[in-house]
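Before any comments, here is the structure.
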Amino acid sequence: EADIYQTPRYLVIGTGKKITLECSQTMGHDKMYWYQQDPGMELHLIHYSYGVNSTEKGDLSSESTVSRIRTEHFPLTLESARPSHTSQYLCASSGGPEETQYFGPGTRLLVL
Amino acid sequence: AQSVAQPEDQVNVAEGNPLTVKCTYSVSGNPYLFWYVQYPNRGLQFLLKYITGDNLVKGSYGFEAEFNKSQTSFHLKKPSALVSDSALYFCAVRDSFGYNKLIFGAGTRLAVHP
């Protein structure tokens, strides 16, 4: 079944640790996105990719980085986590003529 | 510049009553409009979209939305609300020029009371 997967779903980690949030999709989409969302609040686009080896920063400045080596995989990395990184991170992909975006279940990150 | 406004932070409605969640937009050219729903601790689920054609769009879970070009609005509606409809609803817009970034509204929390 075509879907978008994110792991881990929840992560509690100490300050200074390096973390990678995984996102993969079996939708066959070229375009993928990362959003940051504080619980119950608005979404902020932090990274997007139009295809393999293509990555761009979004509207909200973020200390995270992304890579797109394979079409189906779009991981997000924080080299040194800080409490200010505590948030929910949502991955999405889009395709079709209207480029409707479909979202993964999210990763809730807590940095102590 | 593209923008989306959801003027109500929260909408309260009794179960069985009709509900409306409001959305207005600003975009260059023809808009592509979307509604998403988010349940607690979950990602966003796509509900429906307007690209072109009939102004009344039907989507998942009995929801529909009406596109009004003159009022630049795309309000989400449902004839009879369920308690299980209680969630956070996001309206989103992008232009039709192939620029794929969606602009999301701030969200409206819908509370349906028994």
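Quick notes on this one:
- Just one of the listed residues (A:46, A:69) is open to solvent by less than 20 Å² (accessible area, probe 1.4 Å), out of contact with any His (no Cβ under 9 Å at 6 or more places or on another chain) and β-branched (Val, Ile, Thr), and it is A:46.
- Residues in region B:39-60 that are more than 29 Å from residue A:10 (Cβ to Cβ), surrounded by fewer than 14 Cβ atoms within 10 Å (Cβ to Cβ) and of a type outside the set (D, E, K, R): B:52, B:53, B:55, B:56.
- With respect to the conditions (1) closer than 16 Å to residue B:75 by Cα; (2) open to solvent by 20 Å² or more (accessible area, probe 1.4 Å); (3) within 11 Å of chain A (Cβ to nearest Cβ), residue B:36 lacks only one, and its number is (2).
- Subset tally (residues that are closer than 15 Å to residue B:37 by Cβ and not in a loop (DSSP other than H, G, I, E, B)) for region B:76-114: 18
- Residue A:55 passes every criterion in (1) crowded, with 18+ Cβ neighbours inside 10 Å; (2) among the β-branched types (Val, Ile, Thr); (3) under 19 Å from residue B:102 (Cα atoms) apart from (1).
- Scanning region B:97-114 for residues that are small (Gly, Ala, Ser) and open to solvent by 40 Å² or more (accessible area, probe 1.4 Å) returns B:98, B:106.
- Restricting attention to region A:28-60, the residues being under 23 Å from residue B:87 (Cβ atoms) and touching a residue at least 12 places away in the same chain (Cβ under 8 Å) number 10.
- Meets criteria (without any contact (Cβ under 8 Å) to a residue 40 or more places away in the chain and within 14 Å of another protein chain (Cβ to nearest Cβ)) for residue B:53: yes
- Within region A:82-104, tally of residues that are open to solvent by less than 30 Å² (accessible area, probe 1.4 Å), over 17 Å from residue A:63 (Cα atoms) and not polar (S, T, N, Q): 5
The values are calculated or read from the model by the stated rules, or taken from the named source; none is laboratory data. What you are looking at is a predicted structure, and each value in this text was computed from that prediction instead of being measured. Every residue, glycine as well, gets a Cβ built from its backbone with ideal geometry; the counts of neighbours run over all protein chains shown. Ligands, DNA and RNA are stripped out before the accessible areas are found, and what is left, the full protein with its side chains, is counted by its heavy atoms. Shrake-Rupley method; radii C 1.70, N 1.55, O 1.52, S 1.80 Å.
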